[in-house]
Amino acid sequence: MVVFDRKKNKTDVELFINCLMKNGKREKAYKLFVEALVFLSGLLKKKKLIESPFETLNKAIFKLKPNLKLCPYFFKKRRYYYPGLVSEFSSRGVAIRWLIKYSKYQRESSASKRLGREIFEVSCSKNFTGGYSMGKKRNFCRVLEIARSNLYKKMRGN
């Protein structure tokens, strides 16, 4: 059973539920989130890991957080992008949205199991390997690297 302390994990839980929520159905989103945590605790017991589901969730969000974003600027009527810093709260929201969006590619029977499996795979991954949302972060880092190299080329005048 998952012990849920709303005051301790208020910002992450509320942000997660708000990202899960569709058409104002907060209770359904809350139920889905709790079922995902219960499934996640079962996975943790099966793999014999001594963590709470909230620690695993926080670890997954920390691994997925982007530090940079693409910021547009205009030069001679053309749009170029440069890497800019992301705030802490905004990066947590992006990581949660990636977790939710890419959990649908997991092969499980229900949405809560898919979400729990994605959180588990991301938290246990090493070097961009586990989970579909880690692949999204890997591709995002590639795009940032390309934008940075293009910016340096423009600044040098090549």
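In table form, for the structure just shown:
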quantity	calculated
Pairs with Cβ under 7 Å, 6+ apart, first in the range 48-76 and under 21 Å from Ile146 (Cα atoms) and at pLDDT below 90, second part of a loop (DSSP other than H, G, I, E, B) and hydrophobic (A, V, I, L, M, F, W, C)	Pro66/Val86; Asn67/Val86; Leu68/Val86; Lys69/Val86
Given (1) in a helix (DSSP H, G or I); (2) over 20 Å from Lys31 (Cα atoms), index of the condition Arg97 fails	(2)
Test: residue in the range 58-67 that is over 23 Å from Val122 (Cβ atoms) and not in a strand (DSSP E or B)	no
Filter result (hydrophobic (A, V, I, L, M, F, W, C) and within 20 Å of Leu37 (Cα to Cα)) within the range 95-139	Ala95, Ile96, Trp98, Leu99, Ile100, Ala111, Leu115, Ile119, Phe120, Val122, Cys124, Met134
Evaluation of Ala36 against (1) small (Gly, Ala, Ser); (2) modelled with pLDDT under 90; (3) outside any strand (DSSP E or B) (one fails), failing number	(2)
Any hit, the range 90-109, residues being in contact (Cβ under 8 Å) with a residue 24 or more places away in the chain, within 15 Å of Leu40 (Cα to Cα) and of a type in the set (S, T, N, Q)	yes
Criterion violated by Ser87 - all others in (1) over 14 Å from the mean Cα position of the chain (by Cα); (2) surrounded by fewer than 20 Cβ atoms within 10 Å (Cβ to Cβ); (3) touching a residue at least 40 places away in the same chain (Cβ under 8 Å) satisfied	(3)
Residue list for the range 61-84, filter: loosely packed, with under 11 Cβ neighbours inside 10 Å and either more than 30 Å from Tyr132 (Cβ to Cβ) or touching an Asp or Glu at 6+ places or on another chain (Cβ under 9 Å) (or both)	Phe74, Phe75, Lys76, Lys77, Arg78
Selection status of Lys22, modelled with pLDDT under 85, out of contact with any Asp or Glu (no Cβ under 8 Å at 6 or more places or on another chain) and farther than 17 Å from Ser123 by Cα	yes
Where a residue in the range 134-146 is without any contact (Cβ under 8 Å) to a residue 40 or more places away in the chain and its partner, wherever it lies, is part of a helix (DSSP H, G or I), with Cβ under 7 Å and at least six apart	Lys136/Trp98; Lys136/Tyr102
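The values are calculated or read from the model by the stated rules, or taken from the named source; none is laboratory data. All figures in this text were calculated on a predicted structure; none of them were measured in a lab. With ideal geometry, Cβ positions are generated from the backbone for all residues, glycine too; neighbour counts draw on all protein chains shown.
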